[in-house]
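The values are calculated or read from the model by the stated rules, or taken from the named source; none is laboratory data. For clarity, every value in this text was computed on a predicted model and none was experimentally measured. A quick note on method: Cβ atoms are made from the backbone with ideal geometry, for glycine too, and the neighbour counts reach across all protein chains shown.
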Amino acid sequence: MARIPDERIKRLRSKAMRLPLTPGVYIMKNRDGEIIYIGKAKALKNRVSQYFGSDANHGAKVRAMVANVEDFDYILVGSEFEALVLECSLIKQHMPKYNILLKDDKGFSYIRVSPGEWRKISAVFQKEDDGAEYIGPYTSSFFVRQAVEEANEIFKLPTCSRVFPRDIGKARPCLDYFIKKCSAPCAGKISHEEYKENVASALEFIRGGSDGLVKKLRAEMEECSENLEFERAAKLRDRIRGIEKVGEKQRVFSQKYPRQDVFAVARSSTGKCCLDVMRFADGRLFDNEYFFFDGADEGTDMSELVVSFYEIRTPVPPRVSICGEVDDADSLSRLLSEKAERRVEVAVPRRGDQEEIARLALANANEKLMQKLNRATREKSAVDELGVLLGLKAPPEYIEAYDISHLAGQDVVAGMVVFKEGRPSKKNYRKFSIKSFEGQDDYRALAETISRRLAEYEKHKDDGSDEGFGRLPDLILLDGGRGQVSAVMPVIEQSGLSIPVFGMVKDGRHRTRAIATDGAEIQLTEKRAAFTLVTSMQDEAHRFANVYRTQKHNASAYSLKLTEIPGIGEAKARAVMKHFGTFKALRGATVEQIAQAPGIGDNFAGRIYDWLHGDEG
């Protein structure tokens, strides 16, 4: 940790002591004049001078920030509310490095409906090109999991790995059938037509909610009763009861405040924090989100976190409850009211069911934080174990894993996945389309990929980034054995760099079994943590490369079809597909948007649009 020079801290403290005891916003800058932190204060002198006094009470994050402060500016305002508004505006504008801003980096969730006649419904995080139907994307994985679990339970749909009709009649029903959670198509307990109907109703339940579906089922049940179709009416009655039973499971917390969000923060001794937000509608929990961040500045209260949350989530409910203390609650209420264009109450519950909800939010935050810290410990142990196993000088905190994918020698691609501190860092994944040759040669493909990756490092090494192409990996892993390692090592040596390279060897059942060097193999089976880490990297590299190859193959097929249009040759077709990425995106584009593709223009754009939509109307 860099230490701030004594002369600089004296100068900054002297400047801080001359500030007025009035509300304002302070702006910390580094030696290049870049804004690195923005904060607000009721009394500028008291708040800012704290930074440049003793650092004994500062957390690691604050010490790091102060060590980079060269100077600061400040803006006087008339009230605490004005300070809060200005602080939020400036943070949003400048995105300072050391401010606590919640990052919406969880990605999207989808509801997957498998293809075929016996469809299954599941919750997934990745949308694959596998012929399945995907509903979404949704920002809330909580909602997706809840919706899928409820739909499968109500309509007794299977959640096992059995494939129908292949596995029908091959085994006895599992426990789910006997506890009335599955209709057991595996044992022929339900007809194909009834199963299809259940899936359709489950999807209607997911898309439209329970109220409309219950009304529809009641009307259908009454009609069946009138027509003396009592068996059918009984099944509909059971479905209605199932929907109502699931609804009853969702505990009604408060009828007094049916719509509200509840915030709580858990903090660890290491400075890691977790914000948990429980969201309620109609008195029931409908979403639960959590965010991890490094320890807050001592002067930061919940208001900054709450405002940051509503920058990425809408709408703002009529009531916001906070577990713990919050400075300037009135100012926060006023700011949120202006954002929502109606009254928003900010409360700190002290008793009754509202205090119980706040404590529940805090318990959730503590549980999530504990899980993350435990997981981080396990991941660090795995990285440490792998480093020792491979004889590295230090644990490999930044690992790149590569795999080659092709279709009978066509559409050859490489996927690069990155694991940072034992976890996937998806923003640093990269795709490579092999260009130097055609056909099937994994060795040459890997050599080209590593050569291009190192060339990118030369371009970006002065960017100052600790990830991406501007950082060299501590370890390179290749899907394969000694041959793959031998193909890549000359490329590394010619670059003048020193990067450990190993292969990930699979057994006859395509499971990871060993690490390969260019002369031997290192067994993994006795090193459980390292084995699990390497397996996950090999599987992820394989998945990522295959997805890219499928995308490229589909794009190539569509490019070929585009050459049916008069005047559109292979070059223009490839340029169009590269510009839009997918055929779906191209088909949804306007003439003006198509004309923006390289080398197309208005004339060819019109031809492409007419060809795409020639069967409409």
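Points worth noting:
- Every residue from the stretch 110-160 that is within 15 Å of the chain's Cα centre (by Cα) and more than 28 Å from residue 284 (Cβ to Cβ): 126, 127
- Residue match in the stretch 427-439 (condition: buried (at least 20 other Cβ atoms within 10 Å of the Cβ) and either hydroxyl-bearing (Ser, Thr, Tyr) or within 30 Å of residue 527 (Cβ to Cβ) (or both)): no
- Beta carbons closer than 7 Å, at least 6 apart along the sequence or on distinct chains, pair a first residue in the stretch 269-291 that is more than 19 Å from residue 359 (Cα to Cα) with a second that is outside any strand (DSSP E or B) and at pLDDT 90 or above for 272/369.
- Lone qualifier among 204, 194 - being modelled with pLDDT under 85 and surrounded by 11 or more Cβ atoms within 10 Å (Cβ to Cβ): 204
- Selection within the stretch 511-552: residues that are free of Cβ contacts under 8 Å to residues at least 40 places away in the same chain and of a type in the set (A, V, I, L, M). The member of this set that is farthest from residue 581 (Cα to Cα) is 520.
- Some residue of the stretch 128-140 being buried (at least 18 other Cβ atoms within 10 Å of the Cβ) and touching a helix residue (DSSP H, G or I) at 6+ places or on another chain (Cβ under 8 Å): no
- Members of the stretch 525-578 that are more than 25 Å from residue 402 (Cβ to Cβ) and among the polar types (S, T, N, Q): 559, 563
- The listed residue being assigned to a helix (DSSP H, G or I), without any contact (Cβ under 8 Å) to a residue 24 or more places away in the chain and among the acidic types (Asp, Glu), out of 193, 153: 193
- Of all positions in the stretch 323-340, at least one carries a residue that is among the hydrophobic types (A, V, I, L, M, F, W, C), outside any helix (DSSP H, G or I) and farther than 30 Å from residue 52 by Cα.
- Contact map, the stretch 82-109: residues that are modelled with pLDDT under 85 paired with residues that are among the β-branched types (Val, Ile, Thr) and surrounded by fewer than 17 Cβ atoms within 10 Å (Cβ to Cβ), Cβ distance under 7 Å, separation 6+ or inter-chain. Pairs shown: 100/300; 102/312; 104/312.
- In the condition set (1) exposed (fewer than 14 other Cβ atoms within 10 Å of the Cβ); (2) at negative phi; (3) at pLDDT 90 or above, residue 6 is compliant with all but (3).
- Considered as a group, the residues in the stretch 230-258 that are at pLDDT 80 or above and surrounded by fewer than 17 Cβ atoms within 10 Å (Cβ to Cβ) include one that is nearest to residue 316 (Cα to Cα), and that residue is 258.
- In the condition set (1) in a strand (DSSP E or B); (2) of a type in the set (A, V, I, L, M, F, W, C); (3) closer than 23 Å to residue 88 by Cα; (4) at pLDDT below 85, residue 296 is compliant with all but (1).
- Taking first residues from the stretch 428-439 that are over 17 Å from residue 456 (Cα atoms) and partners that are among the basic types (Lys, Arg) and in a helix (DSSP H, G or I), the Cβ contacts under 8 Å between residues at least 6 apart in sequence or on separate chains come to 437/444.
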